[in-house]
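Read the structure below first, then the notes.
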Amino acid sequence: MPIREALAEDAAGIAAVHVLSWRAAYRDLLPGPYLDALDVEERTATWRARLTAPERPTVLVETGPDERVRAFSCFRAWPDEEFDRRTTAELAALYALPEVWGTGVGRALLAATTEALVATGFRTAALWVFAGNARGRRFYEAAGWRADGEVLREETGGRMLEELRYRGVLFV
């Protein structure tokens, strides 16, 4: 599975994965009209800006045989003072097209992301996952990530949702 660092021209593919994965993964958590209103063009502009920013996060993409983006991950140093930003990263996103769920694409991307995190100097990482996202939680737990007890409540799409913080020690 080809996995590489994202380029600005990958923004539309990343945006499509982002929108389609949210619509499938969160259909039981978020209102349908909110998910239907997610806009690939708007997300494309957001991702293009991220990919060209001077302080850009690291974004990896997995591309299929047709070189179309099928999955992506995004990480950066932990965004606040709670953890040492030199050694702790935030895995801000890891999404895949629903058509590749269960095929190993996500596991391969997480493994490549872990390698990139370690190569960048990070030793631990944390991420936020919706408490009601059982599939996502199983995915991270199978890879050795564990909830650390920190809970964040945020309104998304007009619903108050809990997010659980998961942490992982990085090994390659």
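Here are the numbers for this structure:
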| item | result |
| --- | --- |
| Verdict on PHE171 being at pLDDT 95 or above, in a loop (DSSP other than H, G, I, E, B) and over 26 Å from ASP28 (Cα atoms) | no |
| Number of positions in the range 106-120 that are buried (at least 16 other Cβ atoms within 10 Å of the Cβ) and among the hydroxyl-bearing types (Ser, Thr, Tyr) | 2 |
| Hits in the range 121-134 (condition: loosely packed, with under 13 Cβ neighbours inside 10 Å and touching a residue at least 24 places away in the same chain (Cβ under 8 Å)) | GLY121 |
| Test set (1) farther than 30 Å from ALA37 by Cα; (2) in a strand (DSSP E or B) - ALA112 fails condition number | (2) |
| Qualifying positions in the range 26-72 - part of a loop (DSSP other than H, G, I, E, B) and either acidic (Asp, Glu) or open to solvent by 50 Å² or more (accessible area, probe 1.4 Å) (or both) | ARG27, ASP28, ALA37, ASP39, PRO54, GLU55, ARG56, PRO65, ASP66, GLU67, ARG68 |
| Subset of the range 142-161 that is open to solvent by 70 Å² or more (accessible area, probe 1.4 Å) and under 18 Å from the mean Cα position of the chain (by Cα) - its residue that is nearest to LEU38 (Cα to Cα) | GLU154 |
| Among the candidates THR87, THR103, residue that is surrounded by fewer than 19 Cβ atoms within 10 Å (Cβ to Cβ), at pLDDT below 95 and of a type in the set (Val, Ile, Thr) | THR87 |
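The values are calculated or read from the model by the stated rules, or taken from the named source; none is laboratory data. What you are looking at is a predicted structure, and each value in this text was computed from that prediction instead of being measured. Ideal geometry is used to build each Cβ from the backbone, glycine not excepted, and the neighbour counts take in all protein chains shown. Quick note on the areas: whole protein, heavy atoms, side chains included, nothing else; ligands and nucleic acids left out. Shrake-Rupley method; radii C 1.70, N 1.55, O 1.52, S 1.80 Å.
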